[in-house]
Amino acid sequence: MDALDLLINRRSIAKLSAPAPEGTVLENIIKAGLRAPDHAALTPWHFVIAQGEGLNKLSSILEQAAINSGSDAAVVEKAKKAPFRAPMVITVIAKITEHEKVPAVEQVISAGCAVQAMQMAAVAQGFQGFWRSGKWMFDATVKQSLGVSDEDEIVGFLYLGTPGCTPMKVPERDLSKFVEYL
Ligand SMILES: Cc1cc2nc3c(=O)[nH]c(=O)nc-3n(C[C@H](O)[C@H](O)[C@H](O)COP(=O)(O)O)c2cc1C
C-alpha cells in the first residue's frame with residue numbers, strides 16, 4: 001500500500017472481527033509503534049496486548065473499575081462488554097521519565113504518535129483499527145490492575161481486527177480553513 005495514500009485516505013473502522021493480527025504482522029504493528037518520534041530517546045511506550053483470555057481479563061478490570069466508581073448497572077455492563085468489540089485490544093501507555101528537557105506532555109504525545117503508527121501499520125497489512133479512550137483510561141482501578149504507575153498515562157485502547165465493513169468516505173476538508181502562512 002502506498003504510504004501517502006494510507007495517510008491521506010485512511011479511516012477508522014469500529015466494526016472489527018476475528019482474526020486479529022498475529023505473528024509477523026503483529027510484530028510489525030509493535031515495531032511501527034516503537035518508531036514514534038521520541039525526544040531524548042526516552043522510549044516512553046508500553047503496550048499491553050489483550051486477546052482471547054486477555055479480553056476476559058480486561059473486561060473484568062473495566063467491570064471492577066465501574067463497580068468501584070459507584071456506577072449504575074448499565075454503566076457496569078457497558079464497561080464489561082467494551083473489550084469484546086474487537087478480537088484484540090492494545091492498551092498503550094506513556095511511561096513518563098522525569099527529564100529536564102522533555103516534559104511529560106511530550107512523552108504523552110509520543111505515545112499518541114505510537115497509537116497512530118500502529119493503527120496505520122495494521123491498515124497497511126490488511127487489518128483495521130479504532131482508537132478509543134474514555135474515562136476508564138484515567139481510573140485508578142484500571143491503572144493499578146494494568147500495572148500502570150501513578151505518573152504514567154494510558155493514552156488509548158487500540159482496538160484491532162479484521163474490518164467488518166468497508167470504510168466510510170474520507171471527509172472533504174477545505175485546507176484553507178486549517179492552514180495559514182506567516
Ligand atoms: C485520543 C483519541 C481518543 C479517541 N477515543 C474515542 C472513543 O473513545 N470513542 C470514539 O468513538 N472515538 C474515539 N476517537 C476517535 C476515533 O478513533 C476516530 O478517529 C473517529 O471515529 C474518526 O474516524 P476516522 O479516524 O476514520 O476519521 C478517539 C480519537 C483519539 C485521537
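The values are calculated or read from the model by the stated rules, or taken from the named source; none is laboratory data. Since this is a predicted model, take the numbers as computed values, not measurements. Positions of Cβ are backbone-derived with ideal geometry, glycine not excepted, and every protein chain shown enters the neighbour counts. For accessibility, only protein heavy atoms count, side chains too; no ligands or nucleic acids. Shrake-Rupley method; radii C 1.70, N 1.55, O 1.52, S 1.80 Å.
List pairs: first in the stretch 157-182 and open to solvent by 100 Å² or more (accessible area, probe 1.4 Å), second aliphatic (A, V, I, L, M) and modelled with pLDDT of 95 or more, Cβ under 9 Å, 6+ apart or cross-chain?
If the second residue must be aliphatic (A, V, I, L, M) and modelled with pLDDT of 95 or more, the pairs left are Thr166/Ile13; Met168/Ile13.
Name the single residue, out of those in the stretch 5-19 being aliphatic (A, V, I, L, M) and farther than 26 Å from Thr43 by Cα, that is surrounded by the most Cβ atoms within 10 Å (Cβ to Cβ).
Leu16
Can you pull out every residue in the stretch 60-76 that is open to solvent by less than 40 Å² (accessible area, probe 1.4 Å) and over 16 Å from Val92 (Cα atoms)?
Scanning the stretch 60-76 gives Ala65, Ala66, Ser71, Val76.
Identify the residue in the stretch 147-156 that is surrounded by 11 or more Cβ atoms within 10 Å (Cβ to Cβ) and acidic (Asp, Glu) and, among all such residues, is nearest to the ligand (Cβ to nearest atom).
Restricting to residues being surrounded by 11 or more Cβ atoms within 10 Å (Cβ to Cβ) and acidic (Asp, Glu), the top hit is Glu153.
Within the stretch 157-182, can you find the residues that are over 19 Å from the mean Cα position of the chain (by Cα) and either within 11 Å of the ligand (Cβ to nearest atom) or of a type in the set (Lys, Arg) (or both)?
Met168, Lys169, Val170, Pro171, Arg173, Lys177, listed by residue number.
What about Thr24, is it surrounded by fewer than 12 Cβ atoms within 10 Å (Cβ to Cβ) and polar (S, T, N, Q)?
For Thr24, the condition - surrounded by fewer than 12 Cβ atoms within 10 Å (Cβ to Cβ) and polar (S, T, N, Q) - is met.
What about Gln51, is it polar (S, T, N, Q), within 20 Å of Gln119 (Cα to Cα), away from the ligand (no atom under 16 Å from the Cβ) and surrounded by 15 or more Cβ atoms within 10 Å (Cβ to Cβ)?
Yes; evaluated as a whole, the condition is true for this residue.
Any residue at all in the stretch 105-120 that is away from the ligand (no atom under 12 Å from the Cβ) and charged (D, E, K, R)?
Yes, the stretch 105-120 contains a residue that is away from the ligand (no atom under 12 Å from the Cβ) and charged (D, E, K, R).
May I ask you to list the residues in the stretch 108-146 that are of a type in the set (Ser, Thr, Tyr) and either surrounded by fewer than 18 Cβ atoms within 10 Å (Cβ to Cβ) or not in a helix (DSSP H, G or I) (or both)?
Ser133, Thr141, Ser145
Could you check the stretch 77-98 and list, in sequence order, the residues that are surrounded by fewer than 18 Cβ atoms within 10 Å (Cβ to Cβ) and free of Cβ contacts under 8 Å to residues at least 60 places away in the same chain?
Listed by number, the residues that qualify are Glu77, Lys78, Lys81, Phe84, Lys95, Thr97, Glu98.
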